[in-house]
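Participant: This is the structure I have questions about; it appears just below.
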Amino acid sequence: MAVRIARTRVMRTWTCVMIAIATLLAGSPATAVPLSWSSSVIDAEAGASVGRHTSLVIAQNGTAYVSYLDESAGLVKLATSVAGGWLIEVVDSPGFVRGDTSLALDSSGNLHLVYFNALSSMVRYGTRRAAGGPWNLSDIDRGLDEGHNRLAVDRFGVVHLVYVSDNGTLRYARRTTGFWTREIVDPFVLLARYASIAVDGNGRPHLAYYGNGRLRYAFRSGGFWSTEVVDLRDFVGWFASIGTDPSGEPHIAYYDSIRRSLNYAVRSGTAWSTEVVDAAGDAGWDVSLLVDRDGVSHISYYARISADLRYATGQPGGWDIQVADEPGVVGWSSSVALDPAGLPRITYFDWSVGSLKYAVGQPALGARTVGATSVAGTSAVVIGEVTALGPYASANASFQWRRVGEPTWRETAPVSISTPGTFQASLEGLLPGARYEYRAVVEAGGLSVYGLALTFATPAPPPINLPLFLLVFAVTAVASAGIAAFVVLWFRRR
């Protein structure tokens, strides 16, 4: 029998203090752009439950798509962002739907969706063109009534799906040229849960799931599946969400029901390392993980005791944790994505009012190091950008710089910036043939943010051509001696 833990709301006193302490215990805070969060309602109906099991994707043109369940009406819905609001459509007609929805885009912007139809007990797949039009729906296989299923589309356009069958086994399906092939992934797990999938740059699927009481990982290569236990402790691995970094290594965010914390695991070679990301307020429910092209992780999740939606970003060893929304009981069924500017967007269910919500993170204060120009032997011009001022009317912008290997930063004189834009400074007194590093700094209201550290090298003086130097020296010496002899002889004759 499945055990369900009720989610409750208590007073949020000391929530921020708890997060700060938990961050320090988990590791050094990451250097991240501070964000200002705002939220809005996408879909709501009085007295209804709309917005569970969300899945968010954002197209290259900035259009956001959200799949979710309208449990009161038994509908699978899709919300599409349009100018000033959302366009909502019904994907599947009234029925009985349960569990996850999972949405993905292919390289052409076409939509791919999977969900569980409890009336037919089938995992159902749907696809629709980016330009709109009807959904093409089909059944894939018998699934579990809790609906643990996720899909991903690789860069070749192949659709990959992981799901739990009606007998509890973990299965994988792959769609090419309109046909599905299905495989059993782990025959030794009797009742798989919280299945998640990511596909690396080579089109290879990576799976994370909870099975036989532990967090597990499966990898397919050469037509065969290999499985591993990621965390050896029991009752650890709920809400597992997997992503791959640019090198193809898997990362997993998950809930530790023993510590009641959000945990993180990363595989390097054949070894797994794990750490606590957030241990404040029973954090780590309804996890959604995205690893961006720079290898930076973005995690949305729910903290049960404080009943708020949280966002963590960073890399193993350093995390920045923020509360994205907190009034009421908010953050169930979260899904995180990045817009074209790399800023986080989160969809989630607000239990307090039974609605689907959308949280937007905007930079409160931002700095970017642009580059260096006019690099000479002893000078250079460095360029930075104030990307956002947030609530501040102005900010002081400057640069820190030093020769690579020096322990101490030097600083340029700050300039006041009242609108986002570029600024520059001249660096003088540089050494020829040396490499320097520099970064933009923006300060306002006691807050300092830094751009990435970049480097440049001053040109070295041209090398001395020793043979030519000796030849010129010899010719000059001979010529000088000849002139001297001529002068002496001339004076003697006089």
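The values are calculated or read from the model by the stated rules, or taken from the named source; none is laboratory data. These numbers come from a predicted model, not from an experiment. Cβ placement follows ideal geometry from the backbone for every residue including glycine, while neighbour counts extend to all protein chains displayed.
Participant: Among the residues in segment 150-159, are any free of Cβ contacts under 8 Å to residues at least 24 places away in the same chain and either out of contact with any Phe, Trp or Tyr (no Cβ under 8 Å at 6 or more places or on another chain) or under 20 Å from ILE58 (Cβ atoms) (or both)?
Facilitator: No, segment 150-159 contains no residue that is free of Cβ contacts under 8 Å to residues at least 24 places away in the same chain and either out of contact with any Phe, Trp or Tyr (no Cβ under 8 Å at 6 or more places or on another chain) or under 20 Å from ILE58 (Cβ atoms) (or both).
Participant: Working carefully through the options VAL159, VAL114, find the one that is surrounded by fewer than 22 Cβ atoms within 10 Å (Cβ to Cβ), under 19 Å from ARG182 (Cα atoms) and under 26 Å from the mean Cα position of the chain (by Cα).
Facilitator: Details: VAL114 fails: surrounded by fewer than 22 Cβ atoms within 10 Å (Cβ to Cβ).
Being surrounded by fewer than 22 Cβ atoms within 10 Å (Cβ to Cβ), under 19 Å from ARG182 (Cα atoms) and under 26 Å from the mean Cα position of the chain (by Cα) holds for just one of VAL159, VAL114, which is VAL159.
Participant: Another question, then. In segment 220-245, which residues are over 14 Å from ALA265 (Cβ atoms) and either hydrophobic (A, V, I, L, M, F, W, C) or crowded, with 22+ Cβ neighbours inside 10 Å (or both)?
Facilitator: The answer is PHE224, TRP225, PHE235.
Participant: If you scan segment 170-203, which residues turn out to be over 30 Å from the mean Cα position of the chain (by Cα) and of a type in the set (S, T, N, Q)?
Facilitator: THR177, THR181
Participant: Same structure, new question: Given the conditions (1) over 22 Å from LEU161 (Cα atoms); (2) surrounded by fewer than 13 Cβ atoms within 10 Å (Cβ to Cβ); (3) over 28 Å from the mean Cα position of the chain (by Cα), report the number of the one that GLY95 does not fulfil.
Facilitator: (2)
Participant: So is ASP320 assigned to a loop (DSSP other than H, G, I, E, B), within 26 Å of VAL441 (Cβ to Cβ) and either without any contact (Cβ under 8 Å) to a residue 60 or more places away in the chain or of a type in the set (D, E, K, R) (or both) or not?
Facilitator: no
Participant: Related question: Within the group LEU105, LEU56, LEU78, which residue is of a type outside the set (Val, Ile, Thr) and out of contact with any Ser or Thr (no Cβ under 9 Å at 6 or more places or on another chain)?
Facilitator: Result of the check over LEU105, LEU56, LEU78: LEU105.
Participant: Would you check which residues across segment 386-419 are surrounded by fewer than 15 Cβ atoms within 10 Å (Cβ to Cβ) and either within 19 Å of ALA444 (Cβ to Cβ) or among the acidic types (Asp, Glu) (or both) and list them?
Facilitator: Residues satisfying the conditions are PRO391, ALA393, SER394, GLU406, GLU411, ALA413, VAL415, SER416, SER418, THR419.
Participant: Kindly indicate whether VAL375 is farther than 15 Å from TYR311 by Cβ, in contact (Cβ under 8 Å) with a residue 24 or more places away in the chain and over 22 Å from the mean Cα position of the chain (by Cα).
Facilitator: Values: farther than 15 Å from TYR311 by Cβ: yes; in contact (Cβ under 8 Å) with a residue 24 or more places away in the chain: yes; over 22 Å from the mean Cα position of the chain (by Cα): yes.
Answer is yes for this residue.
Participant: Cβ-Cβ under 8 Å, sequence separation 6+ or interchain: first residue in segment 346-367 and within 14 Å of VAL449 (Cα to Cα), partner part of a strand (DSSP E or B) and of a type in the set (Asp, Glu). Which pairs?
Facilitator: Cβ pairs passing all conditions: ALA367/GLU385.
Participant: Something else about it: Restricting to segment 150-186, and then to whatever is of a type in the set (D, E, K, R) and not in a strand (DSSP E or B), can you tell me which residue is nearest to PRO205 (Cα to Cα)? Walk me through it before giving the result.
Facilitator: As a first pass, look at segment 150-186 and keep what is of a type in the set (D, E, K, R): 150, 154-155, 166, 171, 174-175, 182-183, 186.
Checking which are not in a strand (DSSP E or B) leaves us with 154-155, 166.
Numbers: ASP154: 9, ARG155: 12, ASP166: 22 Å.
Looking at the filtered set, the residue picked out is ASP154.
Participant: With the condition kept exactly as written, say whether any residue in segment 381-398 is among the polar types (S, T, N, Q), within 23 Å of PRO459 (Cα to Cα) and at pLDDT 95 or above.
Facilitator: no
Participant: Among the listed residues GLY243, GLY168, GLY237, identify the single one that is assigned by TED's automatic domain parsing to the domain that holds ALA104, small (Gly, Ala, Ser) and at pLDDT below 95.
Facilitator: Within the list GLY243, GLY168, GLY237, the selection yields GLY168.
Participant: Residues being in contact (Cβ under 8 Å) with a residue 24 or more places away in the chain and out of contact with any strand residue (DSSP E or B) (no Cβ under 6 Å at 6 or more places or on another chain): count how many of those fall in segment 172-190.
Facilitator: 1
Participant: Between GLY147, GLY126, which is part of a loop (DSSP other than H, G, I, E, B), assigned by TED's automatic domain parsing to the domain that holds THR54, surrounded by 17 or more Cβ atoms within 10 Å (Cβ to Cβ) and not aliphatic (A, V, I, L, M)? Give the steps one after another, and end with the answer.
Facilitator: Details: GLY126 fails: part of a loop (DSSP other than H, G, I, E, B).
Of GLY147, GLY126, the one residue that is part of a loop (DSSP other than H, G, I, E, B), assigned by TED's automatic domain parsing to the domain that holds THR54, surrounded by 17 or more Cβ atoms within 10 Å (Cβ to Cβ) and not aliphatic (A, V, I, L, M) is GLY147.
Participant: Return the pair list, or none, for Cβ contacts closer than 7 Å from residues in segment 36-51 that are farther than 10 Å from TYR348 by Cα to residues that are hydrophobic (A, V, I, L, M, F, W, C) and modelled with pLDDT under 90, at least 6 apart or on different chains.
Facilitator: Note: pairs meeting the criteria are SER36/ALA364.
Okay, residues lined up against (1) modelled with pLDDT of 95 or more; (2) under 29 Å from GLU275 (Cβ atoms):
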{"residue": "ALA22", "(1), (2)": "no, yes"}
{"residue": "GLY27", "(1), (2)": "no, yes"}
{"residue": "PRO34", "(1), (2)": "no, yes"}
{"residue": "SER38", "(1), (2)": "no, no"}
{"residue": "ASP43", "(1), (2)": "yes, no"}
{"residue": "SER55", "(1), (2)": "yes, yes"}
{"residue": "SER67", "(1), (2)": "yes, no"}
{"residue": "GLY84", "(1), (2)": "no, no"}
{"residue": "ILE88", "(1), (2)": "yes, no"}
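Participant: Just to be sure I understand the filter: pairs with C-beta atoms under 6 Å, separated by 6 or more residues or on different chains, first member in segment 428-453 and free of Cβ contacts under 8 Å to residues at least 24 places away in the same chain, second member buried (at least 16 other Cβ atoms within 10 Å of the Cβ) and in a loop (DSSP other than H, G, I, E, B). Which pairs pass?
Facilitator: Every condition considered, no pair remains.
Okay, residues lined up against (1) modelled with pLDDT under 95; (2) farther than 15 Å from PRO344 by Cβ; (3) surrounded by fewer than 22 Cβ atoms within 10 Å (Cβ to Cβ):
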{"position": "TYR264", "(1), (2), (3)": "no, yes, no"}
{"position": "GLU275", "(1), (2), (3)": "no, yes, yes"}
{"position": "GLY295", "(1), (2), (3)": "yes, yes, yes"}
{"position": "ARG304", "(1), (2), (3)": "no, yes, no"}
{"position": "ARG310", "(1), (2), (3)": "no, no, no"}
